[in-house]
Amino acid sequence: MRSINLRNIFLIARREYLERVRTKAFMIFTLLMPAIMFGFSVVPSLLVMSKSGGTLHIAVVSADAKLAQSVKVEILRSPSGAEAQQEEKLKQQKRRSAQSGDVQYTVDVNTDASEKTRTELQKRLDAKEMDGFIWLDGKAIAEHTTTYTGRDVSNFVELGKLQGRIRTGVLRYQLAKKGFDPNELQSFMKPFDVSAIKWEGGKASQTDQGTQLLAVVFLVITLYVTVLMYGVNVMRAVLEEKTTRVMEVLMASVSATDLMAGKIMGVGAVGLTQVAAWFTMASVAAAPGAFSLAGKIREANFSGMTAVYFVIYFLLGYFLYSSMCAALGALVTSEQEAQQLQFFVIMPLIVSVMFMMFVMMHPNDPRVVALSLIPFCTPVLMFIRTIVSPVPAWQVALSIGLMLGTIACVVWVCARIYRVGALMHGKRPTLPEIVKWVRYA
């Protein structure tokens, strides 16, 4: 068995790197990926906001005029008080709603809660004279349930807001009926904001949960996509050279282990180059608001170690999965076979992403700790844990050690499969044959 030749590995890695970064496809994809990410993340939100505005004409039906008025006031989000103040605040609220794209309401009050009224309102809906009506009869109040009948009930976000306003309006009415001062109800019903403060190492830091969630999802998806994409690129590169018989020429000069290691390192360097380019473009784009961006980074609980952990787990995950993908590329004889089997190679990575939200909510759960120490899940799950919660140093060290050991074993096995499989053509190997390659290659 030949010893590993670092010079050959470097030359192969350099060839793989330059061959890819000099292509127009690399340049185009590097430039377009941020635009694609922007399109997938921002454009849908902009579309939702653009469609969320407008005015809805609804009616509140209740035999109790004060109850109906209370619900109407809450839907319009206008505090009770003097009529002039109420009108002015209502106008201000409408201006803010128009600017933010929120739905504005026109609310009528109907105190005839009879079936005849229900039928008439339904006919008005059919004639498109109004958008919906809320039915608050005695049974609805007693059972704490009501119905909203509308021409369009697909906007679950707006329906959720309407539900909360109805509930608040009914509660405000019931408290006033029990003798509470209506002027005090405004401060009494004011929502209570809770700020999360993280305590670590004797210091307090405020964490914005929403910002942290979006940032973690972005980094994890970046990690997942790059590891997956470039691992599959290694598989396709091996398969391409195998089918074109270039592999036979290469193995006349270098060992299979050197060839596989060089391919993995070269394609991995392409991945790091692309990620570095994306982050550079993001930094330049955010330069005008650098101060604001720095604040957001602090709110997301990011530090210099976050970048360090990203690079470490990217490299470890990439080497692990690309080694398996290289072996898979050497085993199969066609692109179709590779696509059918690559799912089983990348399945642990997909499962890790599926557990992302659970890990963010319970980063120190014993099951999460155990799962994050499984080498095939470590790149994603341990990286998430290092962001959202302090992780004991021994767990980070253990996860890295386990991954290095697993990579060494996987590379050893895959190199043996690669050494024989890369030169086989026209026949799919059986499992006993693969085991024989590992034992005797």
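A compact table of results
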{"item": "Qualifying residue in the stretch 8-15 (condition: at pLDDT below 80 and of a type in the set (Phe, Trp, Tyr))", "result": "no"}
{"item": "Out of Leu398, Leu431, Leu423, sole residue that is at pLDDT 90 or above and either aromatic (Phe, Trp, Tyr) or open to solvent by 60 Å² or more (accessible area, probe 1.4 Å) (or both)", "result": "Leu398"}
{"item": "Considering residues of the stretch 155-167 that are in a helix (DSSP H, G or I) and open to solvent by 60 Å² or more (accessible area, probe 1.4 Å) only, the residue farthest from Leu56 (Cα to Cα)", "result": "Arg167"}
{"item": "Tabulated pairs, the stretch 59-84, first closer than 15 Å to Leu162 by Cβ and of a type in the set (D, E, K, R), second at pLDDT 85 or above and not in a helix (DSSP H, G or I), C-beta under 6 angstrom, 6+ apart or interchain", "result": "Lys72/Val60; Lys72/Val107; Lys72/Val109"}
{"item": "Yes/no for Trp412 being under 22 Å from Val234 (Cβ atoms), of a type in the set (A, V, I, L, M, F, W, C) and open to solvent by 50 Å² or more (accessible area, probe 1.4 Å)", "result": "yes"}
{"item": "Test: residue in the stretch 250-262 that is more than 25 Å from Trp412 (Cβ to Cβ) and modelled with pLDDT under 75", "result": "no"}
{"item": "Search result, residues across the stretch 118-154 that are open to solvent by 40 Å² or more (accessible area, probe 1.4 Å), in a loop (DSSP other than H, G, I, E, B), acidic (Asp, Glu) and modelled with pLDDT of 85 or more", "result": "Glu129"}
{"item": "Index of the failed condition, Gln340 passing every other in (1) of a type in the set (S, T, N, Q); (2) open to solvent by less than 50 Å² (accessible area, probe 1.4 Å); (3) free of Cβ contacts under 8 Å to residues at least 60 places away in the same chain", "result": "(2)"}
{"item": "In the stretch 55-69, the residues that are open to solvent by less than 20 Å² (accessible area, probe 1.4 Å) and part of a helix (DSSP H, G or I)", "result": "Leu67, Ala68"}
{"item": "Of all residues making up the stretch 103-117, the number that are loosely packed, with under 13 Cβ neighbours inside 10 Å and in a loop (DSSP other than H, G, I, E, B)", "result": "2"}
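Residues are listed down the side, and each one gets a yes or a no for (1) at pLDDT below 70; (2) open to solvent by 40 Å² or more (accessible area, probe 1.4 Å); (3) closer than 30 Å to Ala330 by Cβ:
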| residue | (1), (2), (3) |
| --- | --- |
| Ile221 | no, yes, yes |
| Gly231 | no, no, yes |
| Val234 | no, no, yes |
| Thr244 | yes, yes, yes |
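The values are calculated or read from the model by the stated rules, or taken from the named source; none is laboratory data. On a predicted model such as this, the values are computed, not experimentally measured, just so you know. No Cβ is skipped: glycine too gets one built from the backbone with ideal geometry, and neighbour counts run over all protein chains shown. Accessible surface is based on the protein model in full, side chains and every heavy atom, while ligands, DNA and RNA are left aside. Shrake-Rupley method; radii C 1.70, N 1.55, O 1.52, S 1.80 Å.
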